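One structure below.
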């Protein structure tokens, strides 16, 4: 059975400060890890939550090719970080 063929529905409670817990079945299905950022948008009467994807965590470009832990970094930002590291070590 493929995940695409299975619908998962549920009801969640909005907690203090607007927190919503995403059910474990959905977190597993979409490989959502603790501390991972998600996109949220309102469209008409719907609230849409999507995975952030492979965008650079610094500049938000969509051509990130380097992944460190759960963070995606584009080559440009990686070079800037390397330069900063070199400057700090001097």
| message | I'd like to know if the range 24-44 contains one or more residues that are touching a helix residue (DSSP H, G or I) at 6+ places or on another chain (Cβ under 9 Å), surrounded by 10 or more Cβ atoms within 10 Å (Cβ to Cβ), in the same structural domain as residue 8 (by TED's automatic domain parsing) and assigned to a loop (DSSP other than H, G, I, E, B). | response | yes
| request: Being surrounded by 10 or more Cβ atoms within 10 Å (Cβ to Cβ) and at positive phi is the filter here, so list the residues in the range 54-70 that pass it. | output: 60
| request: Take residue 73 and decide whether it is loosely packed, with under 12 Cβ neighbours inside 10 Å, touching a strand residue (DSSP E or B) at 6+ places or on another chain (Cβ under 7 Å) and at pLDDT 80 or above. | output: no
| said: Given the options 29, 19, name the one that is closer than 26 Å to residue 72 by Cβ and at pLDDT below 90. | reply: 29
| query | residue 4 is checked against (1) modelled with pLDDT under 85; (2) in contact with a strand residue (DSSP E or B) (Cβ under 8 Å, 6 or more places away or on another chain); (3) not in a loop (DSSP other than H, G, I, E, B) and fails just one. What number does that condition carry? | reply | (2)
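The values are calculated or read from the model by the stated rules, or taken from the named source; none is laboratory data. Note that the coordinates shown come from a computational prediction; the quantities given were computed from them, not determined experimentally. Please note: Cβ atoms are built from the backbone with ideal geometry, for glycine as well, and neighbour counts cover all protein chains shown.
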